[in-house]
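Peer 1: Got a structure here, written out as C-alpha cells. Questions coming.
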Amino acid sequence: MRILITNDDGIHAPGLAVLKQIARTLSDDVWAVAPGEEQSGAGHSLTLSRPIRLKRHGDQRYSVSGTPTDAVMLALAHVMKDAPPDLILSGVNRGANLAEDVTYSGTVSAAMEGALAGVRSIALSQVYPREGMGDTVPFAAAESWAGRVLAPLLEMPFEAGTLVNINFPALAPGMVNGVRVCRQGIRDYGRLRVVERTDPRGYPYYWFGLVPAIETPGHMTDLEAVAEGYVAVTPLHLDLTHGPGLASLAERFAAVG
Ligand code: MN
C-alpha cells in the first residue's frame, strides 16, 4: 500500500511526524507532500493567481508553497503521478476539526481533495484542552488510538466521493472511552471575536480571536462524542445539497415557471 500523508499545519509540524509514525505501521511506502507553511483555516482553497513551488526535503518528502489542496493536487498530478497513493491521510491536525470546522479546515479539505480524486482519504485531528499551547499539544490519544480506528476503515470500501473525519479527544489514551461513529454537529455561532491592535507604524490591524464557540452538543454528533471522551468518526461527502430544501424551493419556483 502506498500512502500519501499531508496536513494544514505545515511540513515541519509535530502532528505530521506523528502521522508518519502511524502511516509507517501500515506501510513502508509513505510519501509526504504538505504545505511549506501553516495553512490552518485555508479550507478547500486552491492557488490560481500565483505559481506554486515544490521543495524536496528528502526521500519521498516534499513541501508545496500553497494550500493543503494544492499539496494534494501536486502530489497526485506530479510528484506521485506514476505511482499514485492507495490512501491519503491528512493530519494529525493540532486541534479539533469538529462540526462546521470541516468547512474551514485545510486538514479535512486535503482529504476532500483526495476523495474527489477517487483515493481513499481520511482526516485525523487531535483535540487539545486549551488555547495557547502552540506546538506543545499532546498527540498521545491519536498515537495510541489511530491504529485501532484506521484498521476497519482500510478493510471496507469507501463510496465514491466520500471521506472519513476522525477526531481524537483531549484525553490520555487510557482515559478514552472508545470509538463512536457519529454525524457532523453544528455549533451555536459564538466564536466571532475580533482583536484590534495597532502595528508599529500606527495602523490598526485585526486578528480573529480563538474563543471557544458556544455549543449545545446535538445527540450522536462529533461534538457530543468528543465531549464524552470518545474518538469521533464521521463519514463526510461533498454534496452540500440540503435535501428538504429541494422540495420547498421547487414549490416556490413552480409558480415562476
Ligand atoms: Mn491545522
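Peer 1: Mind checking which residues of segment 31-48 are touching a helix residue (DSSP H, G or I) at 6+ places or on another chain (Cβ under 9 Å) and aliphatic (A, V, I, L, M)?
Peer 2: Residues satisfying the conditions are ALA32, VAL33, ALA34, ALA42, LEU46.
Peer 1: Then there is this: Taking ASP135 as the residue in question, decide whether it is surrounded by fewer than 19 Cβ atoms within 10 Å (Cβ to Cβ), assigned to a helix (DSSP H, G or I), in contact (Cβ under 8 Å) with a residue 24 or more places away in the chain and among the acidic types (Asp, Glu).
Peer 2: yes
Peer 1: Which is within 16 Å of the ligand (Cβ to nearest atom), farther than 26 Å from THR69 by Cα and touching a helix residue (DSSP H, G or I) at 6+ places or on another chain (Cβ under 8 Å), of ALA170, ALA110?
Peer 2: ALA170
Peer 1: Still on this structure, I have one more. For segment 110-132, how many residues meet the condition of being closer than 14 Å to ILE88 by Cα and without any contact (Cβ under 8 Å) to a residue 40 or more places away in the chain?
Peer 2: Matching residues across segment 110-132 total 1.
Peer 1: Could you list, in sequence order, the residues of segment 4-56 that are crowded, with 19+ Cβ neighbours inside 10 Å, within 19 Å of HIS78 (Cα to Cα) and in contact with a Leu (Cβ under 7 Å, 6 or more places away or on another chain)?
Peer 2: ILE5, ASN7, TRP31, ALA32, VAL33, ALA34
Peer 1: Taking the stated definitions as given, is VAL79 β-branched (Val, Ile, Thr), closer than 22 Å to GLY118 by Cβ and in contact with a Lys or Arg (Cβ under 7 Å, 6 or more places away or on another chain)?
Peer 2: So VAL79 does not fit the description; no.
Peer 1: Going through ARG130, ARG120 one at a time, which residue ends up being at pLDDT below 95 and away from the ligand (no atom under 16 Å from the Cβ)?
Peer 2: Sole residue among the options that is at pLDDT below 95 and away from the ligand (no atom under 16 Å from the Cβ): ARG130.
Peer 1: What number of residues within segment 160-174 satisfy the criterion of being part of a strand (DSSP E or B) and within 18 Å of GLU224 (Cα to Cα)?
Peer 2: Qualifying residue count, segment 160-174: 5.
Peer 1: Wholly within segment 186-257, which strands (runs of 3 or more DSSP E) include no fewer than the required count, namely at least 2 residues that are in contact with a Gly (Cβ under 8 Å, 6 or more places away or on another chain)?
Peer 2: 194-198, 230-237
Peer 1: Something else now. Within segment 85-99, is there a residue that is modelled with pLDDT under 95, surrounded by fewer than 24 Cβ atoms within 10 Å (Cβ to Cβ) and out of contact with any Asp or Glu (no Cβ under 9 Å at 6 or more places or on another chain)?
Peer 2: Within segment 85-99 (the criterion being modelled with pLDDT under 95, surrounded by fewer than 24 Cβ atoms within 10 Å (Cβ to Cβ) and out of contact with any Asp or Glu (no Cβ under 9 Å at 6 or more places or on another chain)), the answer is no, since none of the residues qualifies.
Peer 1: Answer with yes or no whether ARG191 is within 29 Å of ALA140 (Cβ to Cβ), touching a strand residue (DSSP E or B) at 6+ places or on another chain (Cβ under 9 Å) and modelled with pLDDT of 95 or more.
Peer 2: Here the answer is no, as ARG191 does not meet what is asked.
Peer 1: Could you list all residues from segment 1-12 that are assigned to a loop (DSSP other than H, G, I, E, B) and more than 16 Å from the ligand (Cβ to nearest atom)?
Peer 2: Listed by number, the list holds a single entry, MET1.
Peer 1: Among the residues that make up segment 212-221, is at least one of them free of Cβ contacts under 8 Å to residues at least 12 places away in the same chain and within 28 Å of the chain's Cα centre (by Cα)?
Peer 2: Yes, that holds for at least one residue.
Peer 1: Kindly list the number of the only condition in (1) within 16 Å of the ligand (Cβ to nearest atom); (2) within 18 Å of LEU116 (Cα to Cα); (3) out of contact with any helix residue (DSSP H, G or I) (no Cβ under 6 Å at 6 or more places or on another chain) that fails for GLY15.
Peer 2: Exception for GLY15: condition (2).
Peer 1: Out of (1) in contact (Cβ under 8 Å) with a residue 40 or more places away in the chain; (2) surrounded by fewer than 24 Cβ atoms within 10 Å (Cβ to Cβ); (3) assigned to a helix (DSSP H, G or I), the odd one out for ARG148 is which?
Peer 2: Of (1) in contact (Cβ under 8 Å) with a residue 40 or more places away in the chain; (2) surrounded by fewer than 24 Cβ atoms within 10 Å (Cβ to Cβ); (3) assigned to a helix (DSSP H, G or I), only one is false for ARG148: (1).
The values are calculated or read from the model by the stated rules, or taken from the named source; none is laboratory data. Since the structure is predicted, the reported quantities are computational estimates derived from the model, not experimental observations. A quick note on method: Cβ atoms are made from the backbone with ideal geometry, for glycine too, and the neighbour counts reach across all protein chains shown.
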